[in-house]
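Asks: This is the structure I want to talk about, given as structure tokens.
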Amino acid sequence: MTNSLSHRSGAQARAPWLTLQRRDAIEGWLFVSPTLLGFLIFFLGPLIAIFIYAMSDWNFLSGEATFVGLANFEDALLANPDFWLVLRNSAVFALGLVPLNVALALFLAVALSRPFRGVIVFRTIFFAPVITSAIAWAIVWKFLLQGEGGPINQMLAMIGITGPNWLREPNWAMAAVIVTRVIKMVGLNMILYIAALQAIPRDYDEAAGLEGASRWQIFRLITWPLLGPTTLVIVILTTIGSFKVFDHIYQMTGGGPENGTLVLAFYIYQQGFQFFDIGYASALAIIMFVIVTILTLIQVSLRRKDDA
Amino acid sequence: MTRASWNRLAWIMALTLLALPFVFPFLWMVSAGFKSVTEIFGAPNLIPRVWRYENFAEVFTYQPFARQYFNSLYIAGVVTILTLLISSLAGYALARIRFVGAGLIMLLLVTALMMPDEVTIIPNFFFIRWLGLVDTHWPLILLPVFGAQGVVATFLMRQYFLSLPKELEEAAKMDGLSRFGIWWKIAIPMSRPALAAVAIITFLNSWNLFLEPLIFLSSLEKFTLPLALSNFNDSYGLPLWNLQLAATTLAVIPVLIIYLIAQRQIVESFALSGVKG
């Protein structure tokens, strides 16, 4: 402070260099500099680097890197059948997970948005898996879903059903990963929906109730349209989340069986850190970057419209 | 009973049925943690016939589990404090100071907002290796603080500062408090709810972090909990189920207890970050 005062007193002759505007700029940049520096080093730099890596044939073990242009993308898009399998798996995972998650979250939120005895108990239960480590969750479910002697199959056997070897058959494994992931994450969307439901004025329902509308009509004609913006945001966030799934797959199936649960995030890890194919893994990372950027842009522009 | 109370009973029954797959894994985890290897695959029973407490002792001899537990705790603590500091500084500037480039900075940060770590993990690995920090805890601290998680925290703080009334800060400015002083003495004490939300989410994220430990750590005594949990295998790579589930119980139950105590606060934090982030 004293510094700026002395500046001001000495500024009789010429305009002071340290104007309020300049000071704001210096302080602003100073305050954001730790975040900005970290962002440049650990995000923007690496982001540029994957574009360079992706144009090289670089095996980490041999250490030799040669420039190959777009060959890694050609490899991914045309030659490598695994890539299409991975994209198909990621799409199946997202298309299975998102509707199931959103529908269940909405159902739970509608059931739990108004107070009744025990409502907190139910909310607490449905949210508990969200704070649990994905690895811990996957360990327990892998145990429960074992083919022979697994608790779930033993219980099914008691009512006369022979359960499949859940995690050893590609289609069952995919279904198992989707369902256990939904159970883990649905609580998050549930609380977002509850918040949105509680923001809807009660008079709407009451007025409609007086007009003789049934509860289903009230939901379909009043509540559901009012939840539209929330649903859009939830759908996009959940879709992005489905592309991020890694720990769960790593621990439950390891991408198997027969690559049946090999999804994009796991495939990047596998190519980069198990097969050391840095160029190809970087090309995959760029594809993931593009997918998530498009989804983020949609989400941001939706929120803009929402604010306006 | 009236129709309304039948109705309510039906709802409660439906919810209880739905709650089973949410509760059952936790119960079975604890139960199996106390069973012997033979009983674990015997007829399914929730209460162990023989309580095998030794599982919990063997967890600590099979791996340096106490050390790994401590690693997770202190790393999550450091990450949380650093994130609080850095994100509230940047968030404050982006909310309150008008300066050239602020818009550009926001635009840049948005690109990182939702990006999975897998996108940048390969170059980050080579950078960390070049710094000689492989098999240390540094990447587990640096990458989350400056990655997507830190950006989410920054936006959350910015949003909260924007919602605060300006008058108090302006009065402090009149009194000659520096910008740094206003941030530390006025803005920070007023933002407890946002700071708590950032702290809770950041701590849990670090506590549950898996990709970075998996890629960077190789010595057992440096492992964090999730990596340690996935490592309870015999020499054929098959899981040692009773030890693994005992260890998982030890890792999960304290978090659940804290969650039960601070349930409202924790749920609200996630709601805040989900809506604003």
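The values are calculated or read from the model by the stated rules, or taken from the named source; none is laboratory data. Note that the coordinates shown come from a computational prediction; the quantities given were computed from them, not determined experimentally. Cβ sites come from the backbone with ideal geometry, for glycine too, and all protein chains shown count toward neighbours.
Asks: Being more than 25 Å from A:Lys244 (Cβ to Cβ), within 11 Å of another protein chain (Cβ to nearest Cβ) and touching a helix residue (DSSP H, G or I) at 6+ places or on another chain (Cβ under 6 Å) is true for just one of A:Val119, A:Val186, A:Val140. Which residue is that? Steps first, answer last, please.
Replies: Values: A:Val186 fails: more than 25 Å from A:Lys244 (Cβ to Cβ); A:Val140 fails: more than 25 Å from A:Lys244 (Cβ to Cβ).
That would be A:Val119, the only listed residue that is more than 25 Å from A:Lys244 (Cβ to Cβ), within 11 Å of another protein chain (Cβ to nearest Cβ) and touching a helix residue (DSSP H, G or I) at 6+ places or on another chain (Cβ under 6 Å).
Asks: Then there is this: Any chance you could count how many residues in segment B:134-189 are basic (Lys, Arg) and more than 12 Å from chain A (Cβ to nearest Cβ)?
Replies: So the count comes out to 2.
Asks: Within segment B:31-57, can you find the residues that are within 32 Å of the chain's Cα centre (by Cα), surrounded by fewer than 18 Cβ atoms within 10 Å (Cβ to Cβ) and outside any loop (DSSP other than H, G, I, E, B)?
Replies: B:Val37, B:Glu54, B:Phe56, B:Ala57
Asks: Considering only segment A:174-258, give the helices (runs of 4 or more DSSP H) lying wholly within it that have at least 3 residues that are in contact (Cβ under 8 Å) with a residue 24 or more places away in the chain.
Replies: On the way: elements: A:202-210, A:215-218, A:228-244, A:247-252.
Where helices (runs of 4 or more DSSP H) fall fully within segment A:174-258 and carry at least 3 residues being in contact (Cβ under 8 Å) with a residue 24 or more places away in the chain, they are A:228-244, A:247-252.
Asks: If I ask for residues that are among the polar types (S, T, N, Q) and surrounded by fewer than 18 Cβ atoms within 10 Å (Cβ to Cβ), which ones from segment A:203-230 would you list?
Replies: Narrowing segment A:203-230 to residues among the polar types (S, T, N, Q): A:214, A:217, A:223, A:230.
The answer is A:Ser214, A:Gln217.
Asks: Select, from B:Leu209, B:Leu240, the only residue that is buried (at least 16 other Cβ atoms within 10 Å of the Cβ), under 30 Å from B:Arg52 (Cβ atoms) and among the aliphatic types (A, V, I, L, M).
Replies: On the way: B:Leu209 fails: under 30 Å from B:Arg52 (Cβ atoms).
Within the list B:Leu209, B:Leu240, the selection yields B:Leu240.
Asks: Still on this structure: From A:Ile139, A:Ile178, A:Ile152, A:Ile135, which residue is of a type outside the set (Gly, Ala, Ser) and more than 23 Å from the chain's Cα centre (by Cα)?
Replies: Working: A:Ile139 fails: more than 23 Å from the chain's Cα centre (by Cα); A:Ile178 fails: more than 23 Å from the chain's Cα centre (by Cα); A:Ile135 fails: more than 23 Å from the chain's Cα centre (by Cα).
Unique residue meeting the criteria: A:Ile152.
Asks: Here's a follow-up. Just checking, which of A:Leu95, A:Leu40 is modelled with pLDDT of 90 or more and within 13 Å of chain B (Cβ to nearest Cβ)? Show your work before the answer.
Replies: Values: A:Leu95 fails: within 13 Å of chain B (Cβ to nearest Cβ).
Unique residue meeting the criteria: A:Leu40.
Asks: Show the residue pairs that are 6+ apart or on different chains and have beta-carbon atoms under 8 Å apart, the first residue being within segment A:97-125 and assigned to a loop (DSSP other than H, G, I, E, B), the second being surrounded by fewer than 16 Cβ atoms within 10 Å (Cβ to Cβ).
Replies: That search, which allows pairs on different chains as well, returns A:Ser113/A:Gln198; A:Phe116/B:Arg8; A:Gly118/B:Ile12.
Asks: Could you check segment B:77-100 and list, in sequence order, the residues that are free of Cβ contacts under 8 Å to residues at least 24 places away in the same chain and either under 17 Å from B:Ser273 (Cα atoms) or at the interface with chain A (Cβ under 7 Å from one of its Cβ atoms) (or both)? Give the steps one after another, and end with the answer.
Replies: Start the filter on segment B:77-100 by keeping residues that are free of Cβ contacts under 8 Å to residues at least 24 places away in the same chain, which leaves B:81, B:85, B:93, B:98-100.
If the condition is that a residue be free of Cβ contacts under 8 Å to residues at least 24 places away in the same chain and either under 17 Å from B:Ser273 (Cα atoms) or at the interface with chain A (Cβ under 7 Å from one of its Cβ atoms) (or both), then B:Ala93, B:Arg98, B:Phe99, B:Val100 are the ones that fit.
Asks: List the helices (runs of 4 or more DSSP H) inside segment B:211-269, counting only whole elements, that have at least 3 residues being more than 9 Å from chain A (Cβ to nearest Cβ), of a type in the set (A, V, I, L, M) and farther than 24 Å from A:Tyr269 by Cβ. Quick ask: steps written out before the conclusion?
Replies: Working: elements: B:211-216, B:225-229, B:241-261.
Passing ranges, in order: B:241-261.
Asks: Has segment A:124-136 got any residue that is surrounded by fewer than 20 Cβ atoms within 10 Å (Cβ to Cβ) and more than 10 Å from chain B (Cβ to nearest Cβ)?
Replies: No: segment A:124-136 contains no residue that is surrounded by fewer than 20 Cβ atoms within 10 Å (Cβ to Cβ) and more than 10 Å from chain B (Cβ to nearest Cβ).
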